[in-house]
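A.B. asks: Following this message is one structure expressed as structure tokens.
Every read-out reported here was derived from the displayed coordinates using simple, explicitly stated rules and does not represent laboratory data. Since this is a predicted model, take the numbers as computed values, not measurements. Please note: Cβ atoms are built from the backbone with ideal geometry, for glycine as well, and neighbour counts cover all protein chains shown.
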Amino acid sequence: MNQSMFEIQADFCKAMGNATRLHVLHVLREHPMTVGEICLATDLPQSNVSRHLKALRTVGVLKSKRHGIEMVYEITDIKIAEVCDLVRIILVEQIHKRSQSIE
């Protein structure tokens, strides 16, 4: 693997390493949504949501398409949601192991 692939991966991980962005991805799993719908689902202000959507689009996690006067956002690949699920499973297992070692 060349260095540029590691840089691309690092940028992807940076974009995914934000709780708000993960929340946005979580709500977009159900179906594509407009910014307004994402704001309602996450209880976040539009300026905040728009900034995070841009970051996720920049690294290729989300794509958008115009629907009338609104932009509709969706996850580019279902494997991205699966990666999030896998990370959560690992974290739950680690938390469980830590709690057992404390007892």
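A.B. asks: Which FRET efficiency value, to the nearest 0.05, is calculated for residue 5 and residue 34 with the Förster distance at 30 angstrom and r the Cβ-Cβ distance? Present the calculation step by step, with values, prior to reporting the outcome.
C.D. replies: On the way: r = 34 Å, r/R0 = 1.12.
For R0 = 30 Å, the calculated efficiency reads 0.35.
A.B. asks: Now a separate question. For residue 67, what is the net charge nearby, where nearby means another residue's Cβ is under 15 Å from its Cβ and Lys, Arg count +1, Asp, Glu -1?
C.D. replies: That works out to 0.
A.B. asks: Something else now. Setting aside same-chain residues fewer than 8 positions from residue 63, which lysines have a Cα under 28 Å from its Cα?
C.D. replies: The qualifying lysines are 14, 54, 79.
A.B. asks: Let me ask something else about it. In nm, what is the difference between 0.36 nm times the number of residues separating residue 88 and residue 13 and their Cα-Cα distance?
C.D. replies: Computed gain between residue 88 and residue 13 is 25.5 nm.
A.B. asks: Per residue of the chain, what 222 nm ellipticity follows from adding -39500 (n - 2.57) for every DSSP H run with n ≥ 4, rounded to the nearest 500?
C.D. replies: -22000 deg cm²/dmol
A.B. asks: Tell me the net charge near residue 20. Cut-off is 14 Å between Cβ atoms, residue 20 excluded, with +1 for each Lys or Arg and -1 for each Asp or Glu.
C.D. replies: +3
A.B. asks: Another question, if that's okay. Exposure proxy check: 37, 70, 7 ranked by fewest other beta carbons within 10 Å?
C.D. replies: Ranked by crowding around the Cβ, least crowded first: 7, 70, 37.
A.B. asks: Over the chain, calculate the relative contact order: mean separation of alpha carbon pairs under 8 Å at least 6 apart, over the residue count, as a percent.
C.D. replies: Once divided by the residue count of the chain, the mean separation gives 24 percent.
A.B. asks: OK, next. Based on Cα positions only, what radius of gyration and what Dmax would you give for the chain, in angstroms?
C.D. replies: Considering the chain through its Cα atoms, Rg and Dmax are 16.0, 58 Å.
A.B. asks: Between 17, 36, 68, where does the largest GNM mean-square fluctuation fall for the chain, given springs only between Cα atoms within less than 10 Å?
C.D. replies: Looking only at 17, 36, 68, the largest GNM fluctuation is found for 68.
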